[in-house]
1. Rounded to the nearest 0.05, what FRET efficiency is calculated for Q103 and V131 with R0 set to 22 Å and r the Cβ-Cβ distance?
2. So what is the calculated 222 nm ellipticity per residue for the chain, using -39500 (n - 2.57) for each DSSP H run with n of 4 or more, over all residues, to the nearest 500 deg cm²/dmol?
3. Relative contact order, percent, of region 2-66 when contacts are C-alpha pairs under 8 Å separated by at least 6 residues?
4. Counting only Cα, what are the radius of gyration and maximum Cα-Cα distance Dmax of region 136-261, in Å?
5. For V284, what is the net charge nearby, where nearby means another residue's Cβ is under 13 Å from its Cβ and Lys, Arg count +1, Asp, Glu -1?
6. Run the numbers for T10 and D32: contour at 0.36 nm per residue of separation, minus the present Cα-Cα distance, in nm.
7. If I model a spin label as a point 7 Å beyond the Cα along the Cα-Cβ vector, how far apart are those points for L58 and R92 in nm?
8. Over region 44-100, how many percent of alpha carbon pairs lie in each 5 Å bin up to the one with the longest distance?
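The values are calculated or read from the model by the stated rules, or taken from the named source; none is laboratory data. Just so it is clear, the model here is predicted, and its values are computed rather than measured. Using ideal geometry, Cβ is built from the backbone for each residue, glycine included, and neighbour counts are taken over all protein chains shown. All accessible areas refer to the heavy atoms of the entire protein, side chains included, with ligands and DNA or RNA removed. Shrake-Rupley method; radii C 1.70, N 1.55, O 1.52, S 1.80 Å.
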Amino acid sequence: MRIAAYRTATRVELGVLAPDGASLQPFELSEDEARRGLLALLERDGSLPPLRDVAQRLAGEVLTVLAPIPRPRRNLFCVGKNYHAHVAEIARGGFDTTGRGTQAAPAPIVFSKLPECVIGPGAAIPRDACVTGALDYEAELAVVIGRGGRAIARERALEHVWGYTIVNDVTARDVQKRHQQWLLGKSQDGFCPMGPYAVTRDELDLDDTPVRCYVNDELRQDGNTGLMMFDVPALIASISAGITLLPGDVIATGTPAGVGAGFDPPRFLVPGDVVRIEIPPIGVLENPVAAWPVS
Ligand code: MG
């Protein structure tokens, strides 16, 4: 099942994408509930609300697809340096802030992004020249927690996963490096494009799912979720060891090699660029880059 939050000409809806990907069927929800996106489903007792008997076509009708969780209720958990080739390129480019260089971390590096930096598909990623001259993209598979818990064993971890979406962990490399800790460099306004859909966990094979990122149609990242250093069960076990995970929590699982900072010279984003991330079967998350302030 693929879920989308979207705006029609008259209201915000939450719906199920038809198998052919051409239309959406909205749930019977109030607009206030639909505005919360997937959270409106995850905080129920496990049952899905009924579907309304209409099909809203993606093409032809004026629909704007929103992030599946337009405003997470707390910070997103994010994992740094979770693909070997990305660890190496960051060290090569002089952007390592951990002091470990090309050495793999002994445990997952976990940081967070503010919920307010989430934007939807098609929305502009702002580049504020007063803040950064090193704006970068990071294509990532993001886990959506369905059932909360603490001290979740890795063997049971996937039972706590509702499903997956795509996140672009947009990063100001210069800010990240200058401040050592990553929150500022990763949580600037508009730094978390998310979507277009959220898919239930049965739809995706964690051992073999491509993660690709294009900038202006040039393939930059060509990874696979099977190459993660710490897999999704390990991440859930690590994070939940002392923090109670809640339904609707998002865990961005790290980015494969091919970020702008990994090129020599670096290839950072500038206004007019378009970043497109493809993770089948979730879909295509595309966002333009625009000078701050974006309209
Ligand atoms: Mg990242």
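1. E(calc), rounded to 0.05, equals 0.15.
2. -3000 deg cm²/dmol
3. Computed value for region 2-66: 40 percent relative contact order.
4. 14.9, 43
5. 0
6. Length difference between fully extended and current span is 6.6 nm.
7. Once both label points are built, they end up 3.5 nm from each other.
8. In whole percents, the pair-distance histogram is 4, 11, 11, 12, 12, 10, 12, 8, 10, 8, 3, 0.
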